[in-house]
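First up is the structure itself, then whatever we jot down about it.
The values are calculated or read from the model by the stated rules, or taken from the named source; none is laboratory data. No experiment lies behind these values; they were computed from the predicted model shown. Note that each Cβ is placed from the backbone with ideal geometry, even for glycine, and that neighbours are counted across all protein chains shown.
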Amino acid sequence: MPKKHGKQHRGQSPGAKQVTGPAAASGAAASHGLAAGRPPSSALWAGAAPAIEERVPEPAAKPPVRVAPGIVTVTPGMPFRLAEVDPDADGGFDKAEAKDALDVERARIQALQERLYAERRRSLLIVLQAIDTGGKDGTVRAVLQGVNPQGCAVTSFKVPSTEELDHDFLWRYHARTPGRGMIGVFNRSHYEDVLVVRVKGLVPEEVWRARYNLINDFERLLTASGTTILKFFLHISKAEQKARLEARIEDPEKHWKFDPADLVERKSWDAYQAAFGDALTQCSTPYAPWHVVPANRKWFRNLVVARTVADTLEAMDPRYPEAAKGIADLKVPD
């Protein structure tokens, strides 16, 4: 029979000798940062007040989102039917005209991104969702071409790891949100937890339905913390998906992009369309609305997403910080 142990403090081994009196008090003080003249943690917080205050963004009444013509914004609080958006829409552009216009938008994004990075007070999060072959990767390449990698981070969320599953479902997404001065891109996102988990029945309905409100709260927190959110759903037709899958099969250089599992997922097309429709309806809010991009024509998709990003950055109006006093009068020695 094992011996019964008496009461012990957490972290104290059974045979440890308990220390009392002045020595114990000294040890307790050291553990709380009071030893060797160190101030208590509350004093350290007070000392950091100017730095903390400097990082707090000014609250905005409404996020400065500017959406390009041709994109359909989901009206918050209203039912939305994805089938009513024509994935072949081209906004009246022709392909050559759109490609020239895209170069202009890229240049705007590059210049504005530098200002955002220098200002280092706010951030931009771009969320991309689509069915398989919808064009998320292509959109990232086309829209952010030439952007300084130091000021931009793209995260592709795959099947969650064991560590990620040990936390709440938003934990892994929150850890990758953009910091001050950054543009962050979610290639797939927190919406996977009301899409794929729903279609595949990975969690009970009462679990994924409750997540709509949690996602809205998460995005409200980000917005209140100085992050402007642009959410794009890249909308393609079932016929276009078929053509893109066939192109991957026929071209040896695209075999690496083809996953036989995509054919299995295609059988769930209707279920995914219903899941996307509900997510767009439930999670389009005044502070983080959903924008549906007709995406059968890649050149049109790239242009309107780039223009929306550029216009939104321009509306955010990031400013270079003020130069140090007297810097204009300095002379560089020979």
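Data overview
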{"item": "Leading residue by the ranking (modelled with the highest pLDDT) among those in segment 235-275 that are in a loop (DSSP other than H, G, I, E, B) and not hydroxyl-bearing (Ser, Thr, Tyr)", "result": "ILE236"}
{"item": "Residues within segment 276-307 that are closer than 18 Å to GLU97 by Cα and not in a helix (DSSP H, G or I), tallied", "result": "4"}
{"item": "Candidate set from segment 190-248 (those that are closer than 25 Å to GLY135 by Cβ and among the small types (Gly, Ala, Ser)); member that is nearest to the chain's Cα centre (by Cα)", "result": "SER237"}
{"item": "Among residues of segment 185-207, those that are in contact with an Asp or Glu (Cβ under 8 Å, 6 or more places away or on another chain), buried (at least 20 other Cβ atoms within 10 Å of the Cβ) and not aliphatic (A, V, I, L, M), counted", "result": "1"}
{"item": "Test result for ALA315, more than 17 Å from the chain's Cα centre (by Cα), closer than 21 Å to PRO64 by Cβ and of a type in the set (Gly, Ala, Ser)", "result": "yes"}
{"item": "Residue in segment 167-184 that is at positive phi and modelled with pLDDT under 95 present", "result": "no"}
{"item": "Residue within segment 216-230 that is closer than 30 Å to ASP88 by Cα, of a type in the set (Val, Ile, Thr) and modelled with pLDDT under 95 present", "result": "no"}
{"item": "Lone unmet requirement of (1) closer than 30 Å to ALA96 by Cβ; (2) among the small types (Gly, Ala, Ser); (3) touching a strand residue (DSSP E or B) at 6+ places or on another chain (Cβ under 7 Å) for GLY226", "result": "(1)"}
{"item": "Residue identified as under 24 Å from VAL85 (Cβ atoms), out of contact with any helix residue (DSSP H, G or I) (no Cβ under 9 Å at 6 or more places or on another chain) and not polar (S, T, N, Q) among PRO252, PRO260, PRO289, PRO294", "result": "PRO289"}
{"item": "Any hit, segment 84-99, residues being β-branched (Val, Ile, Thr), at pLDDT 95 or above and under 23 Å from THR223 (Cα atoms)", "result": "no"}
{"item": "Flag if ASP334 is surrounded by fewer than 16 Cβ atoms within 10 Å (Cβ to Cβ) and in a loop (DSSP other than H, G, I, E, B)", "result": "yes"}
